[in-house]
Structures are given as structure tokens and as C-alpha cells.
1. Nothing charged except the Cβ atoms of Lys and Arg (+1) and of Asp and Glu (-1): what's the magnitude of the dipole of the protein assembly as shown about its Cα centre? Round to the nearest 20 debye.
2. Taking the Cα centre of chain A as origin, sum charge times position over the Cβ atoms of Lys and Arg (+1) and Asp and Glu (-1), and report the length of that vector in debye to the nearest 20.
3. Can you give the FRET efficiency to the nearest 0.05 for A:Thr269 and A:Ser299, using r as the Cβ-Cβ distance and R₀ = 51 Å?
4. Could you give the angle, 0 to 90 degrees to the nearest 10, between helix A:295-310's Cα long axis and the longest principal axis of the Cα atoms of chain A?
5. Please provide three numbers in whole Å: the alpha-carbon extents of chain A along the principal axes, with the largest listed first.
6. Within 10 Å of each residue's Cβ, count the other Cβ atoms and sort B:Thr79, A:Thr248 from fewest upward.
7. Compute, for chain B, the length of the dipole vector about the Cα centre, with Cβ point charges of +1 (Lys, Arg) and -1 (Asp, Glu) only. Units Debye, rounded to 20.
8. Along the charge dipole of the protein assembly as shown, which of B:Ser35, B:Met260, A:Phe93 sits closest to the positive end, that is, farthest toward it, with unit charges on the beta carbon of Lys, Arg, Asp and Glu (+1, +1, -1, -1)?
Amino acid sequence: MHKFFIRSFVSSLVLLFTFTVAAIAKDVKAAFVYIGPTGDHGWTYQHDVGRKAVEAAGFKTTYVEGVPESADAERVLRQLANSGHDVIFTTSFGYMNPTNKVAKEFPNVKFEHATGYKREHPNVSTYAARFYEGRTILGTIAGTMTKSNVIGYVASFPIPEVIRGINSFTLAAQKVNPNIKTKIVWAFTWYDPGKEAEAAKALIDQGADVIAQHTDSTAIVQMAEKAGVYAFGQASDMDKFAPKAVLTSVENNWGPYYVDRVKAVANGTWSQKDTWHGIGDGMVVISDLDSQMPADLRSKVKKLQADLASGKVHSFTGPIYDQKGNLMVAEGKTADDGMLAGMMTYVKGVEGDIPK
Amino acid sequence: MIIDINFIGLIIASIMASAVPLILASCGELITERSGVLNLGVEGMMIIGAISGFALMTVTGSLIIAIFGAMLAGVLISTIFAFLTQTLITNHVATGLALTIFGIGISAMIGKNFVGIPGKEFPVLFDGFKDTIPLLGPILFGHSIVFYFAFALPFITSYFLKKTKIGLIVRAVGDSPESASNQGINVRLVRYACILYGGAMSGLAGAYLSMIYTPQWIENMTGGRGWIALALVVFSTWNPIKILIGAMIFGGLTIIQFHMQAIGVRIPVQFLTALPYIVTIIVLVVISRDSRKIRLSTPSSLGKSFYKDN
């Protein structure tokens, strides 16, 4: 009996304390749901860098890592919504349905879903980055720097995001060098350093002297460094992993957007939005250009970067043909966002078929 | 695509490099299993070796300390397994699975501070001779010391088990711990030693991944190779030389399918990706057709706890 009283006393104290804290602190609390571990140094890592920016701006944040895109996601989201979080960022495509489902149950909590397109309730926003703009720059560099005219490309999964990247890259490379050939290898993984390194090695052994990647680990740039060929960093600046090989990196920069949105929640100005930001808004960042690139190429890239940012140049400007020679985008036109979002065909000049 | 002889040499060299961690971990586990202990914690011991090697390399700057430290870390974590299964007589399967989960968790915890740090370059031997001999040059030269050790290990293991007295004792303990015990052999001690040795080899396999193959730390970077290593032991019917063949087949199919993709062979990519697994199943089916042979080569007391020991 004695023990029971002590226990209930302690637990009621704890409860009281929790409620008091919750009542005093009216700060906005943001939660982040991650698909992978924050230690992947890729996709999730960059989102976590963004979360830290929110923290630095004076807001409280929590995160849950390694959440599967299943019923588990709903459970985690409900728990976060129940425990006093005002805004929840769900940072993987597969959280699309769970996010919308839970959003319906918690109309006072704001939900922000990355890379999705469903906004079924007024408290759900979506956001994504125009990484293909970065790949236009990489393609320009690759087409200029290659000597063998064979460019290797390690791809992850055949989804529009990746196909769009391959197309954007190839179009840009062909523009500066019509003789190039893009060899694509599908690794069917987002990150598995061993497999990625093996895929890169296969491409290098077959004569590729510039390697691009749409997988997340640094294994590919390290392999390029060992083999003495060029490569590009993915998601974060990978220069320190391969100082000689990495010409530049395309960085995912979520911080400004996250801070912006959390502030909007705090000010009460948050409203539903569909955001697709590119180089212009700073969501896609091009790292320092390596000094191995000739000066005229570097200035050309700088100009291209500025033009992409201002909208003067679009990555998908016609005429663009598909592999069979059918016109995709007419001369003088640019691909609209609908076409980009659902892009599942290669443009002319890409070799091979998209795995079905 | 002109396929010249040096190109084939390069492919074989990549296949061998990818087989190294599998050979190391499998040969270690083979000794453990030959003593009658089934340790399913290979994946966990490997990942502990990977983070320990990488962390020690970053902190101390010494590759030698890092390599031996990784092996020691493998020994330490396998000591937990040995204590639980041999002294407290817990179930091998459950304890091994727990070891894997424990290893993945603790490596992620330690690894938090080591994400995003580039590894050091690991020295390779005989790099200058690479171009001297066509085909064989890239296969034989320009690899790390761990690479050469891995390819010697199956032969050393085979010699150890067949020709040495201690090897005989290990096999006796695995086949009939009761008889071995009656002969005055300390079964528990032998099994402890074999488990710790398996831990050291798994640790080395992990360090090879994080220090030599892809010099960096990423959570879960072993990516299931520990499980493949376990399967290879069964695949080899507890024969070290067959581990070598199995590891080459498994590593090789992944690399060959990448090459076929790059050449532009019109085979569905999904089929190519599944190929290593399909071949593994086929080989297992072929092997298991001779069930008598499997029964003969399986250590008789594998996975069974041994109580009567002083």
C-alpha cells in the first residue's frame, strides 16, 4: 500500500510538471519524420541539417528516424500530433497517404509532406526541390570535361524524379558536346556503399571518365578518386571525400524553407501551399566549382546558374525528342510542371530502356 | 565494346575485392560452427568491426591500431555471445539474433560522431606491377594486405581443420561434445575460443568495408553481407575452399550484372539484380539433392547447447 502511494504521488507530480511545462511554453514545436537514419550522409542527413537550422532559429524540434512507409508511419504521426507538435514535416514520398490520413484527424496541426502531390486537407502542404536544375549544370560540366565521351550515370530507381534527372543531365551534356554517350546503370538502392562503388567501378572499367550519381552515398566519388576520373557530389558537398574527383556537388538545402514555414506557424500566417523550389530560391545549391575546370567553363557555369535562377534558361527547353524521335517539347517552349512531375520517358540520346 | 583481356582482368579483380568481406566473415563463422556453435550475430559483429575500425582510424590516425582494434571489438562483442550461450547456456539462435540487433544499434550510436568524415587511403601492395602482366596483373597486384590475407584464409582454414591437432579437437567438439569431454577436452573452452575467433574475423570483414572498400562510415553499411556470409557457410557445406567459390559467385554476379547494364545488354534489369539470389537458390537446391552428404558434413552438435562440462 505504502509503495502504491509513493508511486501515484510521484507519477502525479510528473504529470503535473509536464502539464505546467506544456502550458508555460507556448513556443511552436516542430517534428520531423525521417525514412532513413540521420547518419546516412545523404537524403535524411540533409533534412536533419534543415531541422538544426529550425532549432538554431529558436524553435523546439523533435525527430523520429527510420520510420517505415507503412502503418507505422501513421502511428508515429498520431503520436507526434498528440504530443503537442504544431507542425510535422514528413520527409519521404511514401508518407503521402499516412500524412493526409492523420492530417484529417488533427485539423489544428500543420503537416508538410516532401515530394508528394496530395493535399487533401487544408492543413497539408507539399514541398519539393527542382534538383533537375542542378543536373543541367552537372551535364554541362560533364559534357565539357569528358575526354572519352563516355559518361557514367549510377541511377537508383526508375521513378520520375530520377528519369527527369537523367534527361536534364543528358540534354545539357549533348548541348555542349553532341558526341557524348550516357551509360546508365541501375543500382536499385538509394544507399548501399558497396553496391554503389561496384556500379561506378563497372562504368569506369568500360571507359566512362565522368561519373554522375543519383544514389546517396559517397562511395561513388571515392571510387572515382581512386580511378582518377571525375564525379559529382550528391545531396551534400562531397568534395572532402574526393578532392580530385569531385568537380562540384548539388546540395539539398531545406533549412530556409523549414525555418520559413515554422515561423509562419508561429505567426499564424501558415497556409496551404505547394512549393517546388530550385536554384533561384536557394533550395538547390551548387557547391564551389573545382579549380581543375578551365576558367571559361567556370564562368559559363556561373552564368548558367544565374540564368536558371532567374528563369531565363529552363532545363527542358524545346525542341526535345524522346528516344523514338517523337516531339516531347516544341521549339521555343519549355516543359510544364505537369510533364516534369510525371516524366517516365528518356529523351533522345539516352541509351537503353527504362526498367519496368 | 571491344572486350580485351585486360578488361576481363579488371572485372575479375573487382569481383575478388567484393568477395573479401564475405570470405573473411564466412571463414570465421565456419570455425565457430565446426565447434558446434551457431552464431547468427555475424552481421552485428561485422558492423561493430566497421565502426570500430573507422572510429579508431579517425581518432588515432593509425591504420594498424584501427585494423587490430576492429578485430578486438569483434572479439569483445562475441564474448557476450560466448558468455550467454556457453556459460549461461542460452539458445544459440535467439542470442545470435539479439547480437545482430545489438550490434546495429550500438554502431549507429557510436557512429553518430563519424558521419560525413572521409576515410584515409589504405596502402596497396605491388601497385607498380599491375601493368606488367596482361590479364593477371590487375588480379594479382595492387591490393591491400587484407585482400591477400582473405584469399589465403580458406586454405589456411582448410589446413588447420584437416591437418592440425587443434583443428581435430575443434571438429571433435563440434561433432560429439560428449565424447570430446570424456577424452578430457574442455569443450567450453574450445567453443569460447572458436566464437571469439569468429568475432575477430567478422570484425576484420567490417573494417575492410569501412576502411578499404568504401572508406567512410554510414549506418547499416554492411547491408546484409553478414547474412550472406552465414548462408555461404551452409552453401559450402562447411568446406573453406567452397566458401571461396561461393563468395566469388555471389560478389561476381552483382558486378557482372552492372557490366551487362553498362554494355547495354537487353535483359530486364530486375532479372539481373535478382540473379545472385536466383543462382544461390539453384546452387543450394543442387547441393541439397544429396542429403546424405549434407548430413555427413554438418557438425552434428551444431546449435545444440552442451551442459555436461566442468
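1. For the protein assembly as shown, the charge dipole is close to 1160 debye.
2. It comes to approximately 460 debye.
3. The pair A:Thr269/A:Ser299 has a calculated efficiency of 0.80.
4. Orientation of helix A:295-310: about 50 degrees from the principal axis.
5. Projected onto its principal axes, the Cα set of chain A covers 83, 42, 40 Å.
6. B:Thr79, A:Thr248
7. 780 debye
8. B:Ser35
The numbers here are math on the coordinates, done by the rules we state, and not lab data. The structure presented is a predicted model; accordingly, all values stated were derived computationally and were not measured. So basically every Cβ, Gly included, is an ideal-geometry build from the backbone, and we count neighbours across all protein chains shown.
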